[in-house]
Amino acid sequence: QVQLVESGGGLVQAGGSLRLSCAASKITFNMYVIGWYRQAPGKQRELVARISSGGSINYADSAKGRFTISRDNAKNTVYLQMNELKPEDTANYYCNAWRPGNDFWGQGTQVTVSS
């Protein structure tokens, strides 16, 4: 069974940093687009950043200049380095692995940014 396991969330003060990790198992990792999404209470899930199998990257406007997504195909892991965190970044962050015909989600990791 495919597993995506997120880690690295926690409580941080505004202006601080966190690095999220998404470790995948039982998929051909390097064939998937891996994305980080987030969902705050009462809001829809939104894309934060994604990285294709070839390394192309997209960021949400809210993440540009502050967040960096990267992948290590040898470790089946994608990272999201988040700097200059703001209270509005508070959300549950989810990892997604997508390719045509396949769409997998992790359980999420909570990020809370205090002001």
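The values are calculated or read from the model by the stated rules, or taken from the named source; none is laboratory data. In this text the structure is predicted, and so the values were computed from the model without any measurement. As a convention, Cβ positions derive from the backbone with ideal geometry for all residues, glycine included, and neighbour counts pool all protein chains shown. Just the protein is used for accessible areas: all its heavy atoms, side chains included, with ligands, DNA and RNA removed. Shrake-Rupley method; radii C 1.70, N 1.55, O 1.52, S 1.80 Å.
Observations on the model:
- Using C-alpha pairs below 8 Å separated by at least 6 residues, the relative contact order for the chain is 36 percent.
- Placing a label point 7 Å from the Cα of A60 along the Cα-to-Cβ line, the residues of the stretch 1-37 whose backbone N sits under 12 Å from it are 36-37.
- Within the accessible area of the chain (1.4 Å probe), percent carbon and sulfur: 45
- Highest mobility in the GNM of the chain, judged by mean-square fluctuation with C-alpha springs under 10 Å and restricted to L47, L85, L11, is found for L11.
- Highest-MSF residue in the chain out of S56, S21, S70 [GNM, Cα springs under 10 Å]: S56
- Length gained on full extension, W98 to V2, computed as 0.36 nm times the residue gap minus the Cα-Cα distance: 33.4 nm.
- Lysine pairs meeting the criterion (Cα under 24 Å, 8 or more apart or interchain), as found in the chain: 4
- Ratio of the Cα radius of gyration of the stretch 15-115 to 2.2 N^0.38 Å, where N counts its residues: 1.03
- For the chain, built as a Gaussian network whose Cα springs stay under 10 Å, the top-fluctuating residue of Q39, Q13, Q81: Q13
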